[in-house]
Amino acid sequence: MLAPMLQRLARARAASPALGTRAQLRPWCSATAGSQLTAPAYHRMADATLDAALEVYEDLSDARGDLHLDVEYADGVLNVSIGEHGTFVLNKQAPNLQLWLSSPISGPLRYDFCGDAATWLNTRDGHEMFSLLATDFEELTGEAAVDFSSTREGVADVWRSLR
């Protein structure tokens, strides 16, 4: 059971932009992100991320009724239920300045926003959140149906506007 999960994480990490090694990422994300990302900036980044992800999933739900997606967003929590396959939950954790993801494939994960990469990176191994979401969705449904490229660009644009 552990081997498939590690393979999924390796695929997600391989699909992430070139971001450096774990040793380079974790200290920056965990030690510096909080000092550079103020609470108002965190809320802007987290809200922009959740809004953009919501749009991607709603568009997919409209285009692909056969996937039986149920997408709900309220109070900083995005739930994406994929019929009998399971539910992704992405939510804000404001006290930690993090986004938390619960995936039916990879389980619970935490992400810090890393300004240098202008994206959300996992606090343990540095993989990029959108890459893992796409990889897990593909494994769950057997289809590579989710494209987060516009979401990545939108989040990076919001970050640049804050700097």
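The values are calculated or read from the model by the stated rules, or taken from the named source; none is laboratory data. These numbers come from a predicted model, not from an experiment. Don't worry about glycine lacking a Cβ; one is built from the backbone with ideal geometry, like all the others, and counts go over all protein chains shown.
Checking L54 against (1) in a helix (DSSP H, G or I); (2) at pLDDT below 95; (3) closer than 28 Å to E143 by Cβ, only one condition comes out false. Which one?
Of (1) in a helix (DSSP H, G or I); (2) at pLDDT below 95; (3) closer than 28 Å to E143 by Cβ, only one is false for L54: (2).
Among the residues of the stretch 71-86, is there at least one that is polar (S, T, N, Q) and either under 13 Å from the mean Cα position of the chain (by Cα) or buried (at least 16 other Cβ atoms within 10 Å of the Cβ) (or both)?
Yes, the stretch 71-86 contains a residue that is polar (S, T, N, Q) and either under 13 Å from the mean Cα position of the chain (by Cα) or buried (at least 16 other Cβ atoms within 10 Å of the Cβ) (or both).
Please go through the stretch 125-158 and give me each residue that is touching a strand residue (DSSP E or B) at 6+ places or on another chain (Cβ under 8 Å) and either of a type outside the set (S, T, N, Q) or modelled with pLDDT of 90 or more (or both), ordered by number.
Hits for the stretch 125-158 are H127, E128, M129, F130, L132, L133, D136, F137, L140, R152, V155, A156.
I need a count of the residues in the stretch 101-118 that are more than 12 Å from the chain's Cα centre (by Cα), among the hydrophobic types (A, V, I, L, M, F, W, C) and part of a strand (DSSP E or B).
Looking only at that region, the number is 1.
Inspect all residues belonging to the stretch 28-39 and state whether any of them is farther than 20 Å from A117 by Cβ, at pLDDT 95 or above and surrounded by fewer than 14 Cβ atoms within 10 Å (Cβ to Cβ).
No, the conditions are met nowhere in the stretch 28-39.
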